[in-house]
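The values are calculated or read from the model by the stated rules, or taken from the named source; none is laboratory data. Note that the structure is a prediction, hence the values are computed from the model and not measured. Cβ placement follows ideal geometry from the backbone for every residue including glycine, while neighbour counts extend to all protein chains displayed. Each accessible area value is taken on the protein alone, full model and side chains, heavy atoms only, with ligands, DNA and RNA left out. Shrake-Rupley method; radii C 1.70, N 1.55, O 1.52, S 1.80 Å.
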Amino acid sequence: MPPHRDTPQHRDTPTHRDTPTSSGHAYRDLFRTPEFTPLFVTSALQTAASTTGGLALGTRVYEATSSPFLSALSMFGPSLAQVVGATTLLSAADRLPPRAATTGLALVFAVATATLALPGLPLWAVFAVIAAQGLVASLGGGVRWGLLNEILPKEAYLPGRSLFNMMSGFMQIGGYATGGALVALLSPTLTLLVSAALYAAAALLSRAGLTRRPPRADGRPSVAATWRTNAHLWSSAPRRRLYLGLWIPNGLVVGCESLFVAYDPERAGLLFACAALGMLAGDLTVGRLLPPRLRTRLATPLLLLLAAPYLLFALRPSAPVAAVCAALASVGFGASLIQQQLLLTLVPSRLTGHALGLHSAGMLTLQGLSAALAGTIAQLTSPGAAMAVMAGASLVVTVVLWAAGLREPVHEERGAASGPTAPAHHDRERERPAPS
């Protein structure tokens with residue numbers, strides 16, 4: 001493999017120096033950057049496949065078992081395997097060619113989703129397949145977001161990530177609406193086959209549209225390299241608090257969302273779509289409308305907003321009220337944009353894929369654990385009561401991390417509010433090479 005560079009390769013190429021995109025430019029400027037469009041569309045297809053197939057699988061499992069726990073676990077259970085991948089495979093995010101990794105991951109998901117559509121597949125086999133999906137998916141975030149950071153100039157990452165999140169919101173709205181319609185008109189099995197076809201299309205586009213690039217870091221992927229880099233990333237107190245803020249409040253609220261099918265099976269698609277609409281509004285606000293100084297100070301309030309509306313589900317609100325609560329709460333997901341931007345300032349450029357992959361894998365792991373926990377609580381009480389418990393826990397964690405941040409000095413140049421979202425000072429180790 002070619003030697004790694006401490007400076008991202010794109011900064012040495014004329015195409016990126018000439019790119020007009022910046023945080024102050026329109027979103028359309030991003031599409032003038034080479035490779036941004038195929039990566040964007042590939043991710044859109046995968047999001048559509050994930051939402052459509054997830055709803056179909058959750059419905060299929062609920063119809064077969066009548067269990068809120070198993071239904072939630074079937075939709076969000078793959079996230080539980082992310083922790084295994086994050087501790088064993090994540091070094092590959094920066095040590096594999098991005099195009100090959102992106103294409104291969106989409107193909108694996110196409111095959112796995114088609115397997116889930118097999119008639120008569122026993123329940124244990126369903127969960128074995130989705131566990132394997134989660135293990136492989138632990139690389140997905142690191143590969144995708146590391147490549148995005150490599151494609152775009154440094155100042156364009158936040159608007160670029162915002163646009164990806166907005167796309168995810170649109171595709172989730174369309175995916176859940178389409179998935180609900182397909183499940184009702186056809187069957188969960190046929191809907192899973194549609195999802196597999198979308199994954200296959202994403203693989204073809206990735207292979208045809210992305211440029212062959214060398215890995216960002218040298219060396220072979222290995223468990224030892226993954227552990228060493230994880231230890232380096234975790235060794236900084238500001239990074240630790242930032243990671244916890246990215247993982248826990250978000251994950252607990254997704255535990256609330258995992259109970260939509262059990263809360264209202266007939267209108268679960270509506271609830272998921274409204275939640276996606278709220279996430280879209282939050283990403284647009286954070287990515288384009290808020291000035292940078294104000295943006296960093298709103299991260300903790302956004303995390304509080306993310307959980308608070310779900311407290312009302314203890315009162316068993318009607319479907320329209322529940323939909324409004326889900327949409328309002330999901331505006332708070334915009335906090336993750338601020339957190340990711342801050343994370344990039346605390347890691348060496350050659351480790352951005354691994355660092356962002358650790359964020360993604362940890363977040364999804366917490367989402368899977370939260371889905372399992374929420375399903376268990378719902379089994380013992382009710383879906384609405386379980387949502388309120390998960391939301392209350394998210395609020396407590398956010399406040400605790402915010403209070404911990406008050407005890408750390410804030411660097412003047414950052415202007416960042418103390419809380420679970422912001423490093424309190426410059427990480428003096430961020431330019432030190434991580435062991436590999």
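Here, the range 270-421 yields an orientationally averaged convex hull projection of 9.8 nm² when only Cα atoms define the hull. Taking all protein chains into account, the per residue accessible area for the range 248-344 stands at 35 Å² (1.4 Å probe). Rolling a 1.4 Å probe over the protein chains gives residue 51 an accessible area of about 10 Å². With the whole protein complex present, residue 155 retains an accessible surface near 90 Å², based on a 1.4 Å probe. One Cα centroid belongs to the range 174-206, the other to the range 366-411; the line between them spans 31 Å. Size descriptors for the chain (Cα atoms only): Rg and Dmax, in that order, 20.5, 61 Å. Placing unit charges on the Cβ atoms only, positive for Lys and Arg and negative for Asp and Glu, gives the chain a dipole magnitude near 760 debye about its Cα centre. Using just its DSSP H runs of length 4 or more, each adding -39500 (n - 2.57), the chain gives a mean residue ellipticity at 222 nm of -22000 deg cm²/dmol after division by all residues. Its residue count N fixes a reference of 2.2 N^0.38 Å for the range 70-221, and the Cα radius of gyration divided by that reference is 1.12.
Ligands, DNA and RNA aside, residue 256 has an accessible area near 0 Å² when probed at 1.4 Å. The tail of the calculated P(r) for the range 247-286, taken as Cα-Cα distances beyond 13 Å, holds 58 percent of the pairs.
Treating each Cα of the range 358-397 as an identical point scatterer and summing with the Debye formula, the log10 of I(q)/I(0) at q = 0.18, 0.30 Å⁻¹ comes to -0.51, -0.96. Got a sec? Charge dipole of the range 158-294, +1 on Cβ for Lys and Arg, -1 for Asp and Glu; which of 181, 255, 290 is way out at the positive end? Among 181, 255, 290, the one farthest towards the positive end of the dipole of the range 158-294 is 290.
Counting only trypsin sites (Lys or Arg not before Pro) that DSSP places in a loop and that have at most 14 other Cβ atoms within 10 Å, the longest clean stretch of the chain runs over 1-211. Under the criterion of Cα pairs below 8 Å and six or more residues apart, the relative contact order for the chain equals 26 percent. When the chain is described by a simple charge dipole with +1 on each Lys and Arg Cβ and -1 on each Asp and Glu Cβ, the residue from 395, 302, 225 located farthest towards its positive end is 225. Carbon-plus-sulfur fraction of the accessible area of the chain, 1.4 Å probe, in percent? Carbon and sulfur together cover 67 percent of it. Dipole size of the range 261-329 about its Cα centre, with +1 on Lys/Arg Cβ and -1 on Asp/Glu Cβ: approximately 360 debye, rounded to the nearest 20.
Think of the chain as a dipole: +1 on every Lys or Arg Cβ, -1 on every Asp or Glu Cβ, centred on the Cα centre; then among 383, 200, 50, 200 lies furthest on the positive end. Normalising the Debye intensity of the range 201-246 to I(0), with uniform scatterers on Cα atoms only, and taking log10 at q = 0.18, 0.31 Å⁻¹ returns -0.78, -1.05. Assuming charge only on the beta carbon of Lys and Arg (+1) and of Asp and Glu (-1), the dipole of the range 94-223 about its Cα centre is about 340 debye to the nearest 20.
Quick one: net charge around residue 139, please, counting Lys, Arg +1 and Asp, Glu -1 for every other residue with C-beta under 13 Å from its C-beta. Combined, the nearby Lys, Arg, Asp and Glu give +1.
With a 1.4 Å probe rolled over the protein heavy atoms of all chains, the accessible area of 31, 333, 170 falls in the order 170, 31, 333, largest first.
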